[in-house]
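Reviewing the structure listed below.
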Amino acid sequence: MDFNLKKLTSDAGVFFTRAVQFTEEKLGSAEKTELDAHLENLIARADCTKNWTEKIFRQTEVLLQPNPSARIEEFFYEKLDKKIPSRTTNGELLGQYMLDAAKDFGPGTPYGSTLITVGEYQSRLGGAEREFLQTSAINFLTPLRNFLEGDWRTISKERRLLENRRLDLDICKARVKKAKQAEAKAAAEPDFQETRPRNYVLSASASALWSEEVDKAEQELRVAQTEFDRQAEVTRLLLEGISSTHVNHLRCLHEFVEAQATYYAQCHQYMQELQKELSSANSDTYPNSFASNANPSTSATCPSPVSSATLPGVSPPCLASSSTPGIAQEPSGPLKIPDVQQPSTGHRKAKVLYDYDAHDTSELSLLADELITVYTVPGMDPDWLVGERGNQKGKVPVTYLELLS
């Protein structure tokens, strides 16, 4: 107990002395040993790395898990060194709700069967999201967390120790300076009066004492300088390791981007497949509102009246053929979209329901929610219309459009 008390008293004295030196430096009344420029640059670079790594880490956590409560729960599980329970993703939950709803509505109904299809794809999307979250947490978040909680803590500890060594060095420098000043003062004012030999003896004795004090202070200064240099070298080696940290984080960043690209590619593929299935199901459930336009050279039957109702003002091809009997019809070749002219009547506006990428130069790419002008021409596939947007023209699929009155 006595030993601990002595140590505690000694530590308190050292802390108080360092506090006084630090305060005097801040007030400008004491000199401060400056670190070399290379070490200062390394410290500034390390601080910059720590600050931005922490920001990137926190924001990535928000990106991967937007729910603050879930993030807090995962934080406590990590601190307690327990396995984080598996959590259902929003896509998987939505897919399960759709499948359950389809059972109540009836899987044989159009709505129920569509819910089943969409629900299965939502579950696939949720599974892809789960895989992306796991991959990103392992390959990106974990290395960043290891740096902040491991390497950076070691660097911070050594930097604090370096700061203490610097304070001790400056305290020793100040002590040597004060001792030398006192020694010079004692040597410069000796009392040589013969009537007072006692004062001369005391003056000479004080000079000798201050000389011993200077020697002792200089010895402590050499020790403090050695410890400071050793600690500066240790800190410098740790700070130079930041370069390898950047290389490691760069590799992790590439893996994170690759995981993102894989995830979004899967989502895009799933949505394309879902659109095709829904388009096919709609075609089977609801007949195409645009009736088949028969080729005038091979058919004399009139198309369904729905065609003229859908595009008012368009005369069925059979009427034109029957109104001019005896006139030979020219064989119709492949339809060339650039040569097609917009009819004076029969064209109307249409709203695009989904994005569509043209497969060749005869087709027109579409963007969801945009408005285009559409019309039909004789001899054209009934599942397609001619669409115009400004100076652009091309075939567009009927199932991607909503005709406006």
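The values are calculated or read from the model by the stated rules, or taken from the named source; none is laboratory data. Computed from a prediction, not measured in an experiment: that's the story for all the values here. All Cβ positions, glycine included, derive from the backbone under ideal geometry; neighbour counts span all protein chains shown. Surface areas here come from the heavy atoms of the whole protein model, side chains and all, with no ligands, DNA or RNA. Shrake-Rupley method; radii C 1.70, N 1.55, O 1.52, S 1.80 Å.
Side notes on the structure shown:
- Residue list for the range 344-367, restricted to those being part of a strand (DSSP E or B), out of contact with any Pro (no Cβ under 7 Å at 6 or more places or on another chain) and closer than 24 Å to H268 by Cα: K351, V352, E363, L366
- Scanning the range 368-399 for residues that are part of a loop (DSSP other than H, G, I, E, B) and either of a type outside the set (A, V, I, L, M) or out of contact with any Asp or Glu (no Cβ under 6 Å at 6 or more places or on another chain) (or both) returns D369, E370, T376, V377, P378, G379, M380, D381, P382, D383, G390, N391.
- Residues being acidic (D, E) and open to solvent by less than 40 Å² (accessible area, probe 1.4 Å) - total across the range 384-405: 1
- Filter pass, L99 being under 23 Å from Y264 (Cα atoms), at pLDDT 90 or above and either out of contact with any strand residue (DSSP E or B) (no Cβ under 8 Å at 6 or more places or on another chain) or open to solvent by 40 Å² or more (accessible area, probe 1.4 Å) (or both): no
- Filtered residues of the range 368-383 (kept if open to solvent by 40 Å² or more (accessible area, probe 1.4 Å) and within 18 Å of V352 (Cα to Cα)): A368, D369, L371, D383
- Only one entry of E92, E120 meets the criterion of being out of contact with any Ser or Thr (no Cβ under 9 Å at 6 or more places or on another chain), free of Cβ contacts under 8 Å to residues at least 40 places away in the same chain, assigned to a helix (DSSP H, G or I) and not aromatic (F, W, Y), and that entry is E120.
- Every pair of residues 6+ apart whose Cβ atoms lie under 6 Å, when the first sits in the range 51-64 and is assigned by the TED database to the domain that holds T89 while the second is open to solvent by less than 70 Å² (accessible area, probe 1.4 Å) and of a type in the set (S, T, N, Q): L64/S136
- Residue within the range 285-298 that is modelled with pLDDT of 50 or more and either more than 30 Å from W384 (Cβ to Cβ) or assigned to a helix (DSSP H, G or I) (or both) present: yes
- For the range 122-162, the set of residues classified as over 26 Å from the mean Cα position of the chain (by Cα) and closer than 25 Å to F256 by Cα is empty.
- For the range 1-79, the helices (runs of 4 or more DSSP H) that sit wholly inside it and include 1 or more residues that are in contact with a helix residue (DSSP H, G or I) (Cβ under 8 Å, 6 or more places away or on another chain) and at pLDDT 80 or above are 2-27, 37-64.
- Only a single criterion out of (1) outside any helix (DSSP H, G or I); (2) open to solvent by less than 80 Å² (accessible area, probe 1.4 Å) is not satisfied by L133, namely (1).
- Each residue in the range 145-165 was checked for being open to solvent by less than 80 Å² (accessible area, probe 1.4 Å) and either among the acidic types (D, E) or at positive phi (or both), and 2 pass.
- Only one of V257, V223 that is at pLDDT 80 or above, out of contact with any helix residue (DSSP H, G or I) (no Cβ under 6 Å at 6 or more places or on another chain) and under 30 Å from E40 (Cα atoms): V223
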